[in-house]
Amino acid sequence: MMFGVVDVGFMLFVNCKQYDLVMGSKGVSFARSLASEKSVIVIPSLPMLSSVANVLPGRVCAPHADAVVAGAFTGYVSPVELKKLGVGYVLLNHSEHRLPYFVLKETVALCLKQKLKVIICAQTMGEIIRYVSLNPYAVAFEPHELIGKNVSVIEKYPHMIQCIVAVSRRTGVKMFVGAGIHSVSDVTGARMLGCDGVLLSHIVVGARNPKKVVKELLG
């Protein structure tokens, strides 16, 4: 198994969530279909991490981690084991799995100790500033009210995204955006505004031909 991460310019993080379309063997097939698309990082469900990591070495992001190490922690997800599985990235604090700040801070520290690249989801500018101080790999601006909607963060918050990108340039923390991303213009807009990548889900997961959609999104 190959370890580490693959960062290639502008990145698409594809969140599989718990969609039936990508559960079990279907998730492996989905990941395999994107193997040649080097800018794509897949966020599988927790049970699928190992299988997808075998298909996409260096391009797998865990959808969660807990503030535990190796030991008697039944039902938790340890950053230690994520690293052993070949996972390179960890997504924390998604709007569907928010964490209290003290838990988030501890979890980030443990992930960084394992040299995992942490992406923290944030819903406001205040959260972004607070989370940048934790020294993650990236912060992802995902306003809760736009998750799963047809109005994207690019359309609704372009000026705020410019402010976020300014924070990125000042701190060196990468900036991603997500929520409502559903078109080529959304992805193009994110690039033009200076973002390092986008988080998206159903537009790729639900596609008949995921590879074709990704190619269209990346132009």
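Structure summary
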{"item": "Theoretical FRET efficiency, 1/(1+(r/R0)^6), r = Cβ-Cβ of S185 and H97, R0 30 Å, to 0.05", "result": "0.55"}
{"item": "FRET efficiency, E216 to K149 (Cβ-Cβ, R0 22 Å, nearest 0.05)", "result": "0.60"}
{"item": "FRET E, pair S133, A72, Förster distance 25 Å, beta-carbon r, rounded to 0.05", "result": "0.20"}
{"item": "Expected 222 nm ellipticity per residue - DSSP helices of 4 or more, -39500 (n - 2.57), all of the chain, to 500", "result": "-10500 deg cm²/dmol"}
{"item": "By average C-beta atoms within 10 angstrom, highest first, the peptides 176-183, 130-137", "result": "176-183, 130-137"}
{"item": "Taking the chain and dividing mean pair separation by its residue count, relative contact order in percent (alpha carbons under 8 Å, at least six apart)", "result": "19"}
{"item": "Reported label for calculated Kirkwood radius over Cα pairs in Å given [x] 17.7; [y] 17.2; [z] 18.9", "result": "[y]"}
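Every read-out reported here was derived from the displayed coordinates using simple, explicitly stated rules and does not represent laboratory data. Predicted, not measured: the structure shown is a model, and the values here were computed from it. With ideal geometry, Cβ positions are generated from the backbone for all residues, glycine too; neighbour counts draw on all protein chains shown.
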